Amino acid sequence: MKQGAQGSAGAEVPRAGVPDGQVRVPQQAGAADAGRVRPGTTAEVRGEHTHSEPAPPAAPRSRPVVQRSSVRGQIVDALRAALVAGDLRPGEVYSAPVLGERFGVSATPVREAMQQLALEGAVEVVPNRGFRVVERGARELAELAEVRALIEVPVMLRLARTVPAERWAELRPLAEATVRAASSGCRATYAESDRGFHRAVLSLSGNEQLVQIAEDLHRRAQWPLVGSGPGLRGRADLVADAHEHTALLDALIARDLDVVRALVGEHFAGAG
């Protein structure tokens, strides 16, 4: 047979001068191959391109994902603000498409944002309908306030003994910002400013895990209760709460531990 007489044209044989186990290619020859870089030659091994061969295809550009992530993050923040402001009412079911129209985006980032809020315990999934805002009572709010006090009070007392007065003075703008936010009467604006002040105080401990846990509890404590209306906690309540921040800062600067303990206890009792 011709194939037997010529030998297997596609059979692989070791190339001379190439260590075994590195490069093995089919042995090819003939006039048609003139001017081409034969497989296994130095040019091919180096990956060089010749004019007789087509250029390798360019690597496809990866699609940017920053914009998608940014949209989802903005929707999460918007939904959190709507929860605190009472625009999303406890017990009500909201669909992703309807909320998407409200925020001017597709249902997909809204659905992803709602999944995040479900992990935080703010909403629960209702199959084939959307997401229901979790109904909370006064007892749950009181329990959150108790846990926050157990975490934050000892830390603040320790920091009051060790942090110099000038470091506390640097937080004065944040405390004053909470008063301005409270004066606006917007619960969502105040909630963000309130968390910012507490986060700055606890950050002086250098314990990032503590800061994250405390902020998660703080955010959950800001969600409205069952049957609460937009005016349940009015401007006067917010302003009084905010002034406790400035008083607390004064006590921390003075290292008056008794006042610090009393103010923090009252602050959390009022939150609960």
Margin query: Can you give me the long-range amide H partners of Val123? Hydrogens built in the peptide plane at 1.01 Å from N, cutoff under 5 Å, separation of 5 or more residues or another chain.
Written below: Ala118, Val134
Margin query: Applying a 10 Å radius around every beta-carbon, put 122-130, 252-260 in order of their mean neighbour count, most first.
Written below: 252-260, 122-130
Note to self: Given a Förster distance of 45 Å, report the FRET efficiency between Glu166 and Glu135 from their Cβ-Cβ distance, rounded to the nearest 0.05.
What the structure shows: 0.45
Next item on the list: Work out how much length Leu217 to Val126 would gain on full extension: take 0.36 nm times their residue separation and subtract the Cα-Cα distance, in nm to one decimal.
Entry: 30.3 nm
Next item on the list: Once you have the Cα-Cα distance between Thr246 and Ser70, take 0.36 nm times their residue separation minus that, and quote the gain in nm to one decimal.
Entry: 60.0 nm
Next item on the list: Indicate the gyration tensor shape class of segment 132-192 (rounded, prolate or oblate), computed on the Cα atoms with a ≥ b ≥ c the square roots of the eigenvalues: a/c under 1.5 is rounded; otherwise a/b larger than b/c is prolate and the rest oblate.
Entry: oblate
Note to self: Tell me whether segment 159-272 comes out rounded, prolate or oblate; compute the Cα gyration tensor, take square roots of the eigenvalues as a ≥ b ≥ c, and use a/c under 1.5 as the rounded threshold.
What the structure shows: prolate
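Every number in this text was worked out from the coordinates using simple rules, so none of it is lab data. A quick note: this is a predicted structure, and the numbers were derived from the prediction, not measured. Ideal geometry is used to build each Cβ from the backbone, glycine not excepted, and the neighbour counts take in all protein chains shown.
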